Every structure is written in C-alpha cells, then in structure tokens.
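FYI, it's all coordinate maths here, none of it is from the lab. Quantities reported herein were computed from a predicted structural model and do not represent experimental measurements. When we count neighbours, we look across all protein chains shown, and the Cβ atoms used for this are built from the backbone with ideal geometry, even at glycine.
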4 protein chains.
Amino acid sequence: MNKKQVRVGMVGYKFMGKAHSHAFRDLPFYFDTEAVPVLQAIAGRDAAGVREAAEKMGWASWETDWRRLIERDDIDLIAIVTPNNTHAEIAIAAAQAGKHVICEKPLALTVGQALHMLEAVKKAGVVHMVCHNYRLGVFEATRSSRGNRAGNRFEINGEKGSIRWDMENLNHLQVYLEEDEPGLQGFRTISCTEVEHPFAAAYWPAGHIIGYEHTFINLLAEMMNGISTGVSPSPNFEDGVRNQIVLEAVEQSVQTGQWVKLPEYTGNLPSFKEQSMR
Amino acid sequence: MNKKQVRVGMVGYKFMGKAHSHAFRDLPFYFDTEAVPVLQAIAGRDAAGVREAAEKMGWASWETDWRRLIERDDIDLIAIVTPNNTHAEIAIAAAQAGKHVICEKPLALTVGQALHMLEAVKKAGVVHMVCHNYRLGVFEATRSSRGNRAGNRFEINGEKGSIRWDMENLNHLQVYLEEDEPGLQGFRTISCTEVEHPFAAAYWPAGHIIGYEHTFINLLAEMMNGISTGVSPSPNFEDGVRNQIVLEAVEQSVQTGQWVKLPEYTGNLPSFKEQSMR
Amino acid sequence: MNKKQVRVGMVGYKFMGKAHSHAFRDLPFYFDTEAVPVLQAIAGRDAAGVREAAEKMGWASWETDWRRLIERDDIDLIAIVTPNNTHAEIAIAAAQAGKHVICEKPLALTVGQALHMLEAVKKAGVVHMVCHNYRLGVFEATRSSRGNRAGNRFEINGEKGSIRWDMENLNHLQVYLEEDEPGLQGFRTISCTEVEHPFAAAYWPAGHIIGYEHTFINLLAEMMNGISTGVSPSPNFEDGVRNQIVLEAVEQSVQTGQWVKLPEYTGNLPSFKEQSMR
Amino acid sequence: MNKKQVRVGMVGYKFMGKAHSHAFRDLPFYFDTEAVPVLQAIAGRDAAGVREAAEKMGWASWETDWRRLIERDDIDLIAIVTPNNTHAEIAIAAAQAGKHVICEKPLALTVGQALHMLEAVKKAGVVHMVCHNYRLGVFEATRSSRGNRAGNRFEINGEKGSIRWDMENLNHLQVYLEEDEPGLQGFRTISCTEVEHPFAAAYWPAGHIIGYEHTFINLLAEMMNGISTGVSPSPNFEDGVRNQIVLEAVEQSVQTGQWVKLPEYTGNLPSFKEQSMR
C-alpha cells in the first residue's frame, strides 16, 4: 500500500468528464499500477453543476475557475476534458505550473497551437498524453445515418493484410492475413478478450466482453505508468502535433480541391517550426 | 445525500466476488437509487487471500468465518458468491439473522434445498434475489469448443417471432417479428444501448456499448430498489425454486431417458411441498 | 409452344460472354416469357477461340467479323459484351441494321458517344437495354484489397432509412427503417429469396439462394419482355446516357479538384445536346 | 465432340426434379467431363403434368410408368427423385436392368432396404450414388422457425478446430483452427469461390457466388466421372447404408430414451447382415 498517489484535477465534467471520472475510479480495481489516481478536484464554471457532478462522481473537492485548480499545490495531474478551443490555454498553463497533463483529442485547433503546447510540456519536463482511447485515431464518420449509431468503423487495407473494427463491437477485430494458406484465407473474427491482447488480462476471462468506458481505463493506466517512469506514453503531444498536421492538411485540401503535401515532423521541433509555420 | 446505506457483507471473493465487488462499487456512479451499497465486509477462509482481496477491491473489513459475518450488527445484506453446495446453509443462516440475501445461481442443489431457503427468507421477511444477470437463464453450453470462448448463446423461436442473443456480443439482440410486412421480414440487429431499453439510460449514449460487468450492476440496482421498497425483485427465491424444478427434471430425464412431467409450483409453498417432496 | 423466337447474335465470348451465354440458355428454364432466345451466332476475331466457345456454350454458329453478324437476316438481337471502347460502333451499326440491342455497361466512353447510340436506337425504333445486372449501378471499389474479393458493396443512407448490400452475399439486403418502433429499430437482414421479391418466384423456395449468374438471367428476362411489348426495359440507353453524364462529371472533378454541376437530361435529346455538348 | 453420351431417365419431376433437370442441362456448360448427360426421358404418373414438365425442362420424351422407363434400351442412367418410400423398389429394378443409379437422400426407409439396394447395384456392377448435395449430410432442422427459412445450419467442433456452415450463405465456410497463433485465433470467413476449393474453378472468378442449384451440378459432375471410370463416387450406396444405420439408431434412441450402440459396417456386406439384421 505504499503506492504513489497521483492527485488529479479535472477541467470539465460533462460527457467526457463522466467517462474520465469513472476510469480514474475504476483503474485500481483492474490494474496494479505503481501510481494510483486520487480524485482530488474537479473544475467547471457552473457552481451548482460542478458540485453535483463532484458528489455524484466521487471527487473530493471542486472549483469554478480552472486557473485556481492549476494553482493548487495538492494537484499533480491536470486532465483536460473541455471543448477543443480551450485545450491549448489550459494545457500550457498547467505545464507552466509543473503539472502533468492529459488532454482530450484533438489536441488543438491548429498546428501552431499544438506546437506551443508541445513546447510547454517539454520545457516543463512534465508527462503528457492525448486521449486517443481507441488507439487508432478513428474518423468519426457516418453520424448522419441513424441506423449506424455511434458509427465509428474503419477498415485498413495493407500489403500484408487487412483490419476492420467497429466501435459497436469493440471487443472484436476482423483480421485478414495475406500469408494464410490459399483456400483457408478469410477475415478472422478475433476476440480481443483473450489474454494475449493488450489490457485483456486486467479484466475478465476470455469471452467476457468489456465496454466503451474501459477504453478510458486502459488509457489512464498507461498515463499512471508514464508518471511512474517519467516517460510520456504514446500517444502524447508529439503524436498530437502529427495528428494536427494531418487534420490541417485535410481542411486545406477540402478548401482548395488540391492534394496537399504534408510537412515532415521528425521530432526536431525548432527545425520543423522554421520549415512549416505560416 | 440522505441516501439509505445498505451495508453489504459478501461471502466469497474469487471470480464472482470480483464481479460483485465491482458492481457494488460502481452502482452509485451510474444509478441514482434511494438505497446505496456500502462495501462493509468480505468473508473467506484464507486470511491472507481475503485480506488482499478486501484491499484490492475496496472492502472496509474482512472475516475468515462467514458465520461471524452474519452475526455482525453492521451488516444489512448478505451476498453469497460461494460454490453452489454452500448456498443453502449460508442463505438460511443469513435470513434467520434478519439479513437481506442475494445469492448466485443456481440457488441450490435440489428442489428440497431451494424450498427450505425460500421458507427461510419468507419467514424472516427479508428481501431476496437470485443472480440471473443475463435475465434469461442462459444455458452455459458449448464450453468444449475453444472457438466459442464463453459460448453463451441462445435462440428462442415462438409463434410471433424469434430472438437470438450471444454473450460475446451482449449489447445486441437479434429479433425477428412474424408480423413484419412480407418482403421486409428478417432478423433485426437491435442495439440495446438505445434509451428505450432497460438500464441503458444509466450508461452512455446510444452506440457506446457496455460490458460483462454491467450485467451485475443492473442486477444490484434492482436489489437496491427492492431493499428500498421491501419487495423482492425478480428473479427471486421463488423463481429460484421454479428453476430448480426444471434443473432436477433435466437431470432425472437424462438418467432415465424418459420425459419428465414437472410438478407445478403456483406460489403455494405448503401445498407444493406436500405434492412434490420425495 | 408458339413462343416468339428471338435469334441472338452475341459479339464477344470471354468472361462476360460466358455469363450471357449461360443466361440465354437458362432463361426459359426459369421464366415463362412470351419471347424466348435462340443462341443463333457468336462473333469473335479469333476463329479457333470463337469456334470452341460456340461449341462449349451451345451457339448454333459463329463469325469472325461482327459486321457480318449484324448483316445476317437470321439475327433479331445483338448482344454486345466486348470491351468498352467498341460499344458505340457496334451498337450504332446494329441499330441501323434494325436489330434490337443489349449492351454491357458502361454504355460508352463519353456522353457524346452515348448520345449518338441513343439517337441511333431511337431512330431505328429498336428495343435497347444496358446490362446493369445489379440494378443499382454499384461502384466497383476496393479491388485492391485481396480480403475483399469481388468487393462490390454499397450503403445508401437516406431520410427514411438505410440499405446495405454486398455482392458476395447477394441474396440478402440489409435494411434499416427510420419508422420502426423505438427500441425495435435495427438493420434487418432480409432474404430476397422470398416470393415477394422481384424474380424470386422464378427460382427455388425461400432460403435456397441464387448466384451471380442469375442476375444476368433476370436481366435477359426483362429484355425478352421488352422485345414482346416493344418497350425498352429499364435500364436502357436513356439511363445509359444519364450514367455517362455522372461518370464524366466524376472524371472532370478528379482532374480539376472542383465540384461539377451536372447538365440535366430530361429526355429531350435535341435540347440536351444543344445545352451540353462540348 | 467424341464425348460419351449418358442417356438419363429420371423418375419424378416436382421440386427435386426441377433441380436435377437443371443440373443435367447445365453440367456441360461448366464442367468438361468425358461423359455428358442427355435428357432422354422423364417419368411421372400424371400424363399432363409429366408432359408439361418434359417440355418446360427440356426432356426429349416422357413416360407415365417408371417400369417402362427402366425397360427402355435408350436409357443408361436412372435418376430417382421420388418420395423416400419408393426409392428401394425403383433402384433395385434399375440395377437389375443394368442401369446406373443415382438416388435422392435418404437412400431408404430402413437399414434392411438399404442393404438390399446395395446388394443389387453391386451384383449388377453398375455405378451408384446418393444425392448428398451438401456433402456433409446436414440435418434439416429448425424448419418451424420462419425467421430461419431453409434453416440448414451446422457446427462441428473437433479437437483441431471448428467449422460452421449455413445453407443461406452456402458460398462461405466459417473455420476455426486451434493451431493458429494465440492472439490471432478466431473464426475465419472463407469464400469457397476461390479456385483452391472443390468445383470452384468450373464457375466464376473468386467473389462471384454460386447458388443452391449448383450443388446439384457438382454432384452430377462427380456421377459423370464415375460413369466414365466405372468407380462409384462418394457418397454412394455404401455411404447410404452407413447413413441409414445412424438414422435408424436415432429413431430407436428417441423411442427408448436410451443410448444406442451402432453396428459396425466395414464394407463386408454378408458379415454385416449376419451381425445386424433383425
């Protein structure tokens, strides 16, 4: 019981706040991480709303100003689950105050913002992470079709095979391997509840599926390990920058109707800024 | 915050103990029941094992003798998650001590045992429930095939339609309705994450699936409501008796190779005992 | 047995030729049309190849020049299953010779070609049809992924519902209806082998599926009915023109990276030509 | 074109008659067998019905008495597609007349009948076959459920893996292999339209499915090869006898409610008869 306590301050308390709060609570039940989260404080602008959320979801205290939350000495990690346009300001302030930062996706609104955020966490030497809880950066498509509710599906076709995944059936992966014997080739329906799969051993026996909320528990377990070791787990703010480069290119391509060549980010931040900033 | 506290004492702490502990913990996060569980004490014979389980799963105290647990004044509800051959003795003792009882399935080993258990809870006037967390009493079949992991599937064909369900895809129900327009008939894949479905509103938006463990949370929410209102929720020990009648008939049929006529249990316990007991 | 004999002359004898030959042969076995096809002659440039194909597939005679085929008095219908760049010349010559014409998709290479073809069949007053055997003009996508063999799938999402179809499972249609009762909404897997579905009654009892080749038999049954009644069945050369307009717009959009406004074809051919021709 | 002509006489002309007639017609289109069927004559008791069937399905002549059909010199093969209770008498008479015999399943009503049939074809030295067109002797189950139309599905679980098949999706096989790498195990959906699969090369490119009727074409292609080589293809009357042993045991078990020990048939007919006949 000499576990390192990581005192969490969370900014935001709506839908994503519920998912993260639950994950912080349940994490120690499933994972035996060296660092364990403490639900220290939650921040939101509406006093009545944030107080009720704190009580309902088990947070020890609450604030109505995220700047006050960041100033508090009894907070080690800032979790940002607010609207996208506020991510940069909060994350940079948190890093400057020496807090670890975990931020919902997408990291920022522009590549420029994302670079500033990355500079801030690097300069402060804090651990940072972006919440790609599906680990594959799924496009949130086909929301317009009611028959496909959450409608997060993807299919990747490569040289050696193909993968399909559907969020409404998130415990299974469809895998096609080009190297399978002819006559026995076909998509396999693989249950990711088998112990060979990442995170599966923390939960139930094979065949007993987990749900949407566990994707957050897995994510936060990685973050706790990152805080223990001092190494920002993947996907972190570097990945967030790369992701932002793609998003910005998509936007630009839609506007111009032209192919867009992506600037290359190799991890050398000053060089990249010089090359790419507009 | 003037919620009624239901202090739980759980007997057993292995696989089922983990599922129940988690469900007691998470219940208030999802459901706004008037009675809320408190993880008061857990009992198991191995001191080291039960202490570690208590710490890991968040129980306030532990016992190595279930009789001591039942004697404690600070326990309101006994949860029985031990092997089947111990259910009857523990449940009867708990009822006699005035505790509410929730018991894992199957309720007992024989119809006779189940009837004694039912008599005990009725005499004591306590609330009772059996843990059919899938609500449909699925047969646990095809365990021998590794390709079908948990292998809990059923199909029911009736006059007005058919239903199929598979535990590895537990958020979906396949429904066929005879009354559908000809040419448009077919099995529908229905997502039970829609708010119209029982329990769904407590969790996430439609399309965001829940897992195996939530079946226990739903079950315990019903039990908390039962304790608030004083009415044993379904399935309770009466249902457990009926279930036992079927199980005993199956066993008898396998042994004799003959059809077995089921004795009818209409809720009149003394009359049934006279008629059926062997 | 006083059926009208439609003497067919087919140009081309490879893969599509096999599918059409089979369909002409099998048509009378399944459909009781008033006009029935006679496999009169097949044309191809390679004498050895076309002779072998004629024998194997049951054609009464063969030619090595399609112009000779069209000149023959004992031919009523020309079936064009040659490469796309030859469709226009053959179809126009056939129409001028007073033959009915059925042509593989896409009708032509350009809108201009398609319009000339349409003018020719209209002027000649012959019956014409384009071979959209899946009736929905499926895009032939994802051919690059070996896991998806034929890889013809589509999904259409509309205001009142959605439809999904996969060529590898062509007897089933996935249908989602917005008007279904909440809680019972979901994609239905509908077997199109039920008698309520078009063409199904001609084949086997419900649940006994048909294959790829039957899509051609259905198509040719429509063509035989068209020849009996003198009305060109849908999709005919008018639809082929509309299709060509879309294809040309796609091509133009890819080249320019811009949205393309489609010229409207209302069935008034001279007016459309004036408006759209480049 | 020096192919051996096999002149077929078919007894019966209803649903199964349609499937067999079509298969005899289409066989040469797909398979390049050395022996090819000729649709010589069809027999049925109702003159008007059998004549119409002969015309519709392309038979050269018809009879109203199957005994006359068997006596004809211009018949080489008798195809029996009549009700089960007539199989034995017709098959034995056909064999005695020196005709090859192909018979719908189940071969007979009793093991005794089946043995007499087997003796007859062996004594006559003719080629014989039973029409298990799905090759796996599927049980025709769940007919009572309208949601499952044809309702022929099976699942076989063995030591090294599992197989699932559904007649409504007959081009695909679900295969699970125990030896697959852990973490990549799962049922594969295999398209049997790939050329590696039996009979697939005779039809269309991979991904272009075949239908119910092609199972009969495959079967008859095997029969034609059997007639060419003089070797009865599998499944033949020997397999029919084994099948009958199982069916009879099932019936006996249902009646007695007891397990039944199967008599062993090793191919030694006289020894088996001595041992098993009642």
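Taking every DSSP beta bridge with both residues inside the protein assembly as shown, roughly what % is antiparallel (nearest 5)? Walk me through the intermediate numbers first.
Values: 59 of 148 bridges.
If I count the DSSP bridges inside the protein assembly as shown, around 40 percent turn out antiparallel.
Looking at the axis that maps chain B onto chain A, which chain B residue has the closest Cβ, and how far off is it in Å, rounded to a whole number?
Here the nearest residue and distance are B:G211, 2.
How about the stretch B:11-100: which trypsin sites (Lys or Arg not before Pro) there are in a DSSP loop, with at most 13 other Cβ atoms within 10 Å of their Cβ?
Listed in order of number, the matching sites are B:K14, B:R45.
Which three lengths, in whole Å and largest first, does the protein assembly as shown cover when its Cα atoms are put on their principal axes?
Here the spans come out as 98, 88, 45 Å, largest first.
If I take R0 = 30 Å and measure r between the Cβ atoms of B:R72 and A:N2 in this structure, what FRET efficiency does the formula 1/(1 + (r/R0)^6) give, to the nearest 0.05?
Efficiency for this residue pair is about 0.50.
Please quote Rg/Rh for chain A to two decimal places, taking the Kirkwood radius as Rh and restricting both calculations to Cα atoms. Don't skip to the answer; put the middle values down first.
On the way: Rg = 20.1 Å, Rh = 20.4 Å.
Checking Rg against Rh, the ratio lands at 0.99.
Restricting to bridges with both residues inside chain A, how much of the DSSP beta-bridge set is antiparallel, in percent to the nearest 5?
35
Could I get the Rg over Rh figure for the stretch A:1-132? Both from C-alpha atoms, Rh via Kirkwood, rounded to two places. Don't skip to the answer; put the middle values down first.
Working: Rg = 14.0 Å, Rh = 14.7 Å.
Looking at the stretch A:1-132, the ratio lands at 0.95.
Excluding C:F24 itself, calculate the net charge of residues whose Cβ lies under 12 Å from the Cβ of C:F24, where each Lys or Arg counts +1 and each Asp or Glu counts -1. Walk me through the numbers on the way to the answer.
Details: positive: C:R7, C:K18, C:R25; negative: C:D26, C:E213.
Net local charge, C:F24 excluded: +1.
Sort shortest first the distances from B:A60 to its counterpart in every other copy, using label points 7 Å along the Cα-to-beta-carbon line, and give them in nm.
Distances to the matching label points in the other copies: 1.9, 9.6, 9.7 nm.
Projecting each Cα onto the charge dipole of the stretch D:69-114 (Lys/Arg +1, Asp/Glu -1 at the beta carbon, about the Cα centre), which of D:H87, D:A114, D:I70 comes out farthest on the positive side?
About the Cα centre, the residue reaching furthest to the positive side is D:A114.
Against the 2.2 N^0.38 Å scaling, with N counting residues, where does the stretch A:25-76 land? I'd like the Cα-based Rg ratio to two decimal places. Spell out each step's value before the answer.
Details: Rg = 12.4 Å, N = 52, 2.2 N^0.38 = 9.9 Å.
After normalising by residue count via 2.2 N^0.38 Å, the value is 1.26.
What distance in nm separates the simple spin-label points at C:E181 and B:E274, each placed 7 Å from Cα in the Cβ direction?
4.3
For C:W259, A:W62, what ranking results if the residue with the fewest other Cβ atoms within 10 Å of its Cβ goes first?
Numbers: C:W259 8, A:W62 21.
Listed from fewest to most nearby Cβ atoms, that is C:W259, A:W62.
Hey, with R₀ at 25 Å, roughly what FRET efficiency would D:V195 and D:Y134 work out to, going by the Cβ-Cβ distance, to 0.05? All intermediate terms of the calculation are to be shown ahead of the outcome.
On the way: r = 21 Å, r/R0 = 0.83.
The value I calculate is 0.75.
Taking D:A201 in one copy and the same position in all the others, each labelled 7 Å out along Cα→Cβ, what are the pairwise distances from the first, in nm, shortest first?
The projected label point of D:A201 is separated from its counterparts by 4.2, 4.8, 6.4 nm.
For chain D, modelled as a Gaussian network with Cα springs under 10 Å, which listed residue fluctuates most, D:G12, D:G183, D:G112?
Ranking D:G12, D:G183, D:G112 by mean-square fluctuation puts D:G183 first.
Please identify which residues in the stretch A:167-182 have an amide N closer than 17 Å to a label point set 7 Å out from the Cα of A:N157, following the Cα→Cβ vector.
Of the residues in the stretch A:167-182, A:174-179 have backbone N under 17 Å from the label point off A:N157.
Under 10 Å, Cα contacts only: if you run a Gaussian network model on chain A, which one of A:H116, A:H87, A:H197 comes out with the highest mean-square fluctuation?
Maximum fluctuation in the GNM of chain A, among the listed residues, is at A:H197.
GluC sites (Glu not before Pro), restricted to the stretch B:19-57: which are DSSP loop and have at most 16 other Cβ atoms within 10 Å?
Values: sites: B:E34, B:E52, B:E55; in loops: B:E34.
Sites meeting the loop and neighbour criteria: B:E34.
Normalise the Cα radius of gyration of the stretch B:191-251 by 2.2 N^0.38 Å (N = residues in it) and let me know the number. Walk me through the numbers before you get to the answer.
On the way: Rg = 15.2 Å, N = 61, 2.2 N^0.38 = 10.5 Å.
Taking N as the residue count of the stretch B:191-251, the ratio is 1.45.
What does the charge dipole of the protein assembly as shown about its Cα centre add up to, to the nearest 20 debye, if the Cβ of each Lys and Arg holds +1 and the Cβ of each Asp and Glu holds -1?
On the way: 112 positive and 136 negative charges, 1 e Å.
Roughly 0 debye, rounded to the nearest 20.
Within chain D, how many Lys pairs sit with Cα atoms under 14 Å apart, leaving out pairs fewer than 8 places apart on the same chain? Each step should come with its number before you reach the end.
Details: D:K14/D:K56; D:K18/D:K56; D:K99/D:K122; D:K99/D:K123.
Lysine pairs satisfying the spacing and distance rule in chain D number 4.
Given the rule -39500 (n - 2.57) for each run of at least 4 DSSP H residues, summed and divided by the residues of chain B, what is its mean residue ellipticity at 222 nm, to the nearest 500 deg cm²/dmol?
On the way: 8 runs with 101 residues, N = 278.
The helix contribution divided over chain B gives -11500 deg cm²/dmol.
What are the nm distances, shortest first, from D:E274 to its equivalents in the other copies, labels at 7 Å along Cα→Cβ?
Reported distances to equivalent positions: 6.5, 10.0, 10.0 nm.
When a footprinting reagent is the concern and you count Cβ atoms within 10 Å, what order do D:V175, C:V260 take, fewest first? Don't jump to the answer; show the numbers that get you there.
Details: D:V175 19, C:V260 16.
Neighbour counts put them in this order, fewest first: C:V260, D:V175.
Using a Gaussian network model of chain C with C-alpha springs under 10 Å, which one of C:E251, C:E159, C:E222 is most mobile by mean-square fluctuation?
C:E159
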